[in-house]
1. Loop sites only, by DSSP: take the trypsin sites (Lys or Arg not before Pro) in the chain that have at most 15 other C-beta atoms within 10 Å and name the longest stretch containing none of them.
2. Roughly how tilted is helix 211-222, in degrees to the nearest 10 and between 0 and 90, from the longest Cα axis of the chain?
3. Show the residues, 5+ positions off or on another chain, whose built amide H is closer than 5 Å to the amide H of VAL277.
4. Relative to the longest principal Cα axis of the chain, at what angle does helix 142-171 sit, 0 to 90 degrees, rounded to 10?
5. Short version: ³J(HN,Hα) in whole Hz for each residue of region 119-135, in order, from phi by Karplus 6.51 cos²θ - 1.76 cosθ + 1.60 (θ = phi - 60°), x for Gly and Pro, what are they?
6. Show me the three semi-axes of the equivalent ellipsoid for region 211-286, from the C-alpha gyration tensor (sqrt of 5 times each eigenvalue), largest first, rounded to whole Å.
7. Once the Cα atoms of helix 256-273 and of the chain are each reduced to a long axis, what angle between those two axes, in degrees from 0 to 90 to the nearest 10, is obtained?
8. Which one, (i) 1.31; (ii) 1.10; (iii) 1.00, gives Cα Rg over 2.2 N^0.38 Å as derived from the coordinates shown?
Amino acid sequence: MSDRTSPERVALIGVVVNAALAVTKLLAGILGHSFALVADAVESLVDIIGSAVVWGALRYGGRPADEEHPFGHGKIEALAGLAVALLIFAAGLGIAVEAGRQIVSPHESPRPFTLFVLIGVVVVKETMYQIAHRAATKTSSNAALSDAWHHRSDAITSAFAFAGITVALIGGPKWAPADDWAALLASGVIMYNGLRLCRGPFSELMDEHTPEVAERVREATLAMSDVKGVERCEVRRSGRGYRVVMHVEVDAHMSVAESHRLTGRVKQAIREQYSEVDSVLIHIEPFEGARAGVSSSSPNGSDDSNRAEG
């Protein structure tokens, strides 16, 4: 069973790490005459905001359902993930604009000590990415995944800055703009990552069907005795968990009490096998032989009359 609180801890650690790195890179960039490093510091400042937003969303999204929110609070995690993704894109766009301005403005070449700062930054940020990505994967959190990729985008920015400063130092004063070109290239990667990260949270907010999880749930249900078939099985993500809606076929002569007890056993079996499933809503239907075992992810053609849910 995954630890659903781990993304919260990682996000909080990220806030502290990003704050320390932002100050270090900003001072090194100003003293070392490197705009790429200053741009990197701006990226870290954005990371602080992003990690703080994700941490707050994970804390709120982890609350249990209540009277005002009977379906839980998980959607706020998708909103936070989308906000962070857009924040990444905006940071990349801002860096691109300033890098273009620096390229056409004469300035001093970067100082050699900035390279050592960047090596440390890349190592720290890539380590944070690995830790955050593992936590996000285990809990299926789009917000935590956006935060993880925020760390990697910062590592990429630092790697580009390292390359640009190296070229500027080796090439001499004529190659001083290499530092700014590095920042411009890094901004393109950052903007691409920001747009790519929008898809997961957007799909969650739109309640997109999750077929791979639905198939696993369907197989677990069909393995239960007295279950004759699964007509429909629809799954959507909500925060760090999934919500399932199923149409289960049983013997037409089964009593309401018996079918109700069966739904309880089905729910228990699903949750025991897949802890990420937060809720299961089951609609009981009479078994009609030829339609047994048919599974559909589309609600079209459904008849919700005479519903008996368990």
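1. It works out to 1-290.
2. 30
3. TYR242
4. On a 0 to 90 degree scale, this one is about 20.
5. 4, x, 5, 4, 4, 5, 5, 5, 5, 5, 4, 4, 5, 5, 5, 4, 5
6. Ellipsoid half-lengths, sorted descending, are 21, 12, 10 Å.
7. 30
8. Correct label, based on the coordinates given: (i).
Read-outs: derived from the displayed coordinates by stated rules, not from any lab. Because the structure is predicted, anything quoted here is derived from the model rather than measured. Counting neighbours? That spans all protein chains shown, and the Cβs are built from the backbone with ideal geometry, glycine included.
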